[in-house]
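Participant: Could you have a look at this structure, given as structure tokens, before my questions?
The values are calculated or read from the model by the stated rules, or taken from the named source; none is laboratory data. Small disclaimer: the values here were computed from a predicted structure and weren't measured. Here the Cβ is made from the backbone with ideal geometry for all residues, glycine too, and neighbour counts use every protein chain on show. Note: areas computed on protein heavy atoms with side chains; ligands, DNA, RNA excluded. Shrake-Rupley method; radii C 1.70, N 1.55, O 1.52, S 1.80 Å.
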Amino acid sequence: MSEEFKDHQIRDVIKINYKYTMGGQSKFFIELKNNKKLLGTKCKKCGKTWMPPRINCSDCYEPADWLELKQTGTIEVSTIVWYTTSAFIKAIPYGIGFIKLDGAETALLQGIFSENLVPSKIKKGKRVKAVFNKQRDGKMTDFFFVPEDEYDNWISKPEYEGGV
Amino acid sequence: MRTMRKVAIIGVGITPFRARYLDKTYFELAYDATKLALEDANKNGAEINHNNLESTVYGIYNELFERQFMPDIFINSYIGMNNKPGTRIASGGATGGYTVRMAYSEVASGLSDLCLCLGVEKCNDCYDEQTGVTTPEVLNAIAYSADMTYEYPMGMMAASSYVSMVNAHYEEFGNPTEEQMAYVSVKNHGNAMLNPKSQAPMKVSVENVLNSRIICFPFKLLDCCLYSEASAALILANEEKVKELGVENPIWITGVGAANTDCFIGNREDMGRLYSNIYAAKAAYKMANLDYNNIKSQIDLAELHDAFSGQEVISYEELGFVPFGEGGPWIEKTFEKPGEGPWLNGELPCCPSGGLIGCGHAVGATGIMSTGEAALQLRGDAGKHQVSINKGRAISHSIGGPGAAYAAIIVMANEEGLKKP
Ligand SMILES: [Zn+2]
């Protein structure tokens, strides 16, 4: 007669710390941290603008120059997240979307904050503006976008400020 | 391509898809699927055991699920494949399809005459201590597949990535609507009721789907596939081996197509497209001498990668079943009309196994399960969810990665299907 199966589970964790280099993208994060600037790049040959920035053009294998982009843009597509990963579950609901900054050709994924977070408020075509944390670390989480008509409210909060 | 050897699937082994196996590790599951595939090959006329297998191609997506880097080498030991070549493929949700493609290459190239194509995943050992359940930690282990600098910190994860493409498609074409997406869930959960290996067999209504909890606007819980634990294996052989072993019902791989599109959705010309699907489909059909514009009438079934209901709808278009913008109406207008649409008794049954939504999504195993399921259908061995086979051809479809950047499509034919125009 076969023995009854009894399961056994163990607690474990995999954790690695990093001091991670941003390489050729470093300037984007330095300018974000120090000067609240959003830099894209522009290919020297074909003129395509890249955002997120690339110092090399993937289309024509030529170097790209840094280019300061506007801090206003248009939502291309968005969603509101109601169930998510363990790392973000305390933040639900939150809005994220792809935003085409004025002057850019590609769209950047970013958080879209709103005091009235409903799909219609952050839908395609809505105009948004970047708001920055006062305390910045040179990371993507240093800024987010808000609907243009909420901008003044957001930058009046003590932890945030407007861009340049 | 002309110099490649013909390759057939001669054995299929699929373990049940379950939320959690407490009685099996990932390598034990892989062993079970391998054993099942060998047994199936023997039923199919080939007298072989694991010692006859010359190589393995492993499909395992996520080291964090398995709590083990290079999990393939531990499987290699456990399934008795020491001192033979083994190669691991990891291409997100498309791992299974890509693994079939590489196993095909192993045999087509002449490197091996008999190759094991083996996928496994065991995700639900991830555990979120703060909520006391597995899913948020599983989702986090997956979310590390997003770009870690620009996307992960924004709270990007699988559903929000796929929903971005579906929402962009909706903005362009006015579909899929929430109701049209719900039809996919009704279909795939329903099909799963006929598949004894499925994790989520359920009779659900459109209302059930629409009323299930919101996950990521507009995806609801029942629009999403489940995270599964399972393994699936195929045994591939070249033409000479098929003859030598006396395989009764070989299923020939006639086309393998794969493509990776831009992993940054925001870089795509059109965000409502999974371009990888289009390129992979065209490549696979071309290799199989099938017509992208006429594919719906050339195959008997499609095992699609329905990670999310709305994305299955988009896939109808990108795989060439219907013109762009007509995916949503195709499933909606054909509901309960025999001989039409993607339903089990439709003109092109999509996901007769239940797919990822009904059968389950055990990432590395999934595309191998769907390829194996399609092969069993072409053999007439699928069981209760057997569809009628007239053309003798089928496809399987795998996508995954950030913004579903990876895609792999496999075209198969039985002996009849090889002869038909
Ligand atoms: Zn260029």
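Participant: Evaluate E = 1/(1 + (r/R0)^6) for A:I10 and B:K35, where r is the Cβ-Cβ distance and R0 equals 30 Å; express this FRET efficiency to the nearest 0.05.
Facilitator: Once rounded, the FRET efficiency stands at 0.65.
Participant: What length, rounded to one decimal in nm, is gained on full extension from B:K6 through to B:E416, with 0.36 nm per residue of separation minus their alpha-carbon distance?
Facilitator: Gain on extension, B:K6 to B:E416, equals 146.1 nm.
Participant: Report, in degrees rounded to the nearest 10, the 0 to 90 angle that the Cα long axis of helix A:26-35 makes with the longest principal axis of chain A.
Facilitator: 70 degrees
Participant: So what is the accessible area of chain B per residue, in Å², with the probe set to 1.4 Å?
Facilitator: 34 Å²
Participant: Using protein chains only (no ligands, no nucleic acids) and a 1.4 Å probe, work out which residues of region A:34-83 have their accessible area cut by at least 50 Å² relative to the chain alone.
Facilitator: The answer is A:P52, A:V77, A:T79, A:W82, A:Y83.
Participant: Right, next: If you take the square roots of the eigenvalues of the alpha-carbon gyration tensor of region B:269-421 and sort them as a ≥ b ≥ c, do you get rounded (a/c under 1.5), prolate (a/b over b/c) or oblate?
Facilitator: Rounded, since a/c falls under 1.5.
Participant: Is the C-alpha gyration tensor of region A:1-110 telling us rounded, prolate or oblate? Criteria: a/c under 1.5 is rounded; beyond that, a/b larger than b/c is prolate, otherwise oblate.
Facilitator: prolate
Participant: Tell me the mean residue ellipticity at 222 nm calculated for chain B from its helices only (DSSP H runs of n ≥ 4, each -39500 (n - 2.57), averaged over every residue, nearest 500).
Facilitator: Result for chain B, helices only: -10500 deg cm²/dmol.
Participant: Given points 7 Å out from each Cα along the Cα-Cβ axis, report the B:S205 to A:E105 separation in nanometres with one decimal.
Facilitator: 5.2 nm
Participant: Expressed in whole Å with the largest first, what are the equivalent ellipsoid semi-axes of region B:1-144 derived from the C-alpha gyration tensor as the square root of 5 times each eigenvalue?
Facilitator: The equivalent ellipsoid of region B:1-144 has semi-axes of 30, 17, 13 Å.
Participant: While we're on this one: Tell me which aspartates and glutamates have Cα within less than 16 Å of B:K286's Cα, excluding those fewer than 8 residues away on the same chain?
Facilitator: Straight-distance partners of B:K286: B:E318.
Participant: Any idea of the accessible area per residue across region A:23-161, 1.4 Å probe, to the nearest Å²?
Facilitator: Each residue of region A:23-161 exposes 44 Å² on average to a 1.4 Å probe.
Participant: I would also like to ask the following. What is the percent carbon and sulfur in the accessible area of region A:23-161, measuring with a 1.4 Å probe over the protein chains and ignoring ligands?
Facilitator: Roughly 48 percent of what the probe reaches on region A:23-161 is carbon or sulfur.
Participant: Using the structure shown, select from A:K90/A:K139; B:K282/B:K420; A:K90/B:K24 the pairs with a Cα to Cα distance greater than 29 angstrom.
Facilitator: A:K90/B:K24
Participant: With springs connecting C-alpha atoms under 10 Å apart, model chain A as a Gaussian network and identify which of A:K15, A:K48, A:K123 has the largest mean-square fluctuation.
Facilitator: In the Gaussian network model the winner is A:K15.
Participant: Give me the percent relative contact order of chain A, please, defined on Cα pairs under 8 angstrom at least 6 residues apart.
Facilitator: RCO, chain A: 19 percent.
Participant: With a 1.4 Å probe and every protein chain left in place, tell me how much accessible area B:S105 has, in Å² to the nearest 10.
Facilitator: About 40 Å², rounded to the nearest 10.
Participant: Could you order A:T79, B:T25 so the one with the most accessible surface comes first? Probe is 1.4 Å.
Facilitator: B:T25, A:T79
Participant: Dipole size in debye (nearest 20) for region B:303-366 around its Cα centre, Lys and Arg Cβ +1, Asp and Glu Cβ -1?
Facilitator: 120 debye
Participant: How big is the B-A contact in terms of buried accessible area, both chains counted, 1.4 Å probe, rounded to the nearest 100 Å²?
Facilitator: 3700 Å²
Participant: Over region B:19-142, with every protein chain in place, what whole percent of the accessible area is carbon and sulfur at 1.4 Å, could you tell me?
Facilitator: After summing per-atom areas, the C and S share lands at 50 percent.
Participant: What dipole magnitude, in Debye to the nearest 20, does chain A give about its Cα centre under +1 on Lys/Arg Cβ and -1 on Asp/Glu Cβ?
Facilitator: 440 debye
Participant: Also, quick follow-up: Given B:K241/B:K419; A:K36/A:K129; B:K220/B:K296; B:K122/B:K220; B:K43/B:K241, which pairs have Cα atoms separated by over 18 Å?
Facilitator: B:K241/B:K419; B:K220/B:K296; B:K122/B:K220
Participant: Does region B:77-233 come out rounded, prolate or oblate by the C-alpha gyration tensor, with a ≥ b ≥ c the root eigenvalues, rounded set by a/c under 1.5 and, if not, prolate when a/b is larger than b/c and oblate if not?
Facilitator: Because a/c hits 1.5 or more and a/b exceeds b/c, region B:77-233 counts as prolate.
Participant: What full-extension length gain, to one decimal in nm, is calculated for B:T177 and B:N83 as 0.36 nm per residue of separation minus the Cα-Cα distance?
Facilitator: 28.5 nm
Participant: Kindly identify residues of region B:238-282 having a loss of at least 20 Å² in accessible area between the isolated chain and the assembly of all protein chains, probe radius 1.4 Å.
Facilitator: Residues shielded by partner chains are B:F264, B:G266, B:N267, B:M271.
Participant: Here's something else I'd like to know. Report the residues of region B:121-160 in range of a label on B:A19: point 7 Å along Cα→C-beta, backbone N strictly under 18 Å from it.
Facilitator: Only B:122-140 pass the distance filter.
Participant: Sticking with the crude label model, points 7 Å out along Cα→Cβ, report the distance from A:Q135 to A:I30 in nm, one decimal please.
Facilitator: Label-label distance for A:Q135 and A:I30, simple model: 2.5 nm.
Participant: For A:W66 paired with A:N116, estimate the spin-label separation in nm (one decimal), with each label point 7 Å from Cα along the Cα-to-Cβ line.
Facilitator: 4.0 nm
Participant: Quick one: 3J(HN,Hα) in Hz for region B:168-182, Karplus 6.51/-1.76/1.60 with θ = phi - 60°, rounded, Gly and Pro as x.
Facilitator: Listing the rounded values in order: 5, 5, 4, 4, 7, 10, x, 7, x, 6, 4, 5, 4, 5, 4 Hz.
Participant: Be a star and scan region A:64-83 for residues whose amide nitrogen sits under 18 Å from the point 7 Å along the Cα-to-Cβ vector of A:K45.
Facilitator: A:64-66
Participant: Over every pair of different alpha-carbon atoms in the protein assembly as shown, take the mean of 1/r and invert it; report that Kirkwood radius in Å.
Facilitator: Hydrodynamic radius (Kirkwood, Cα only) of the protein assembly as shown equals 24.6 Å.
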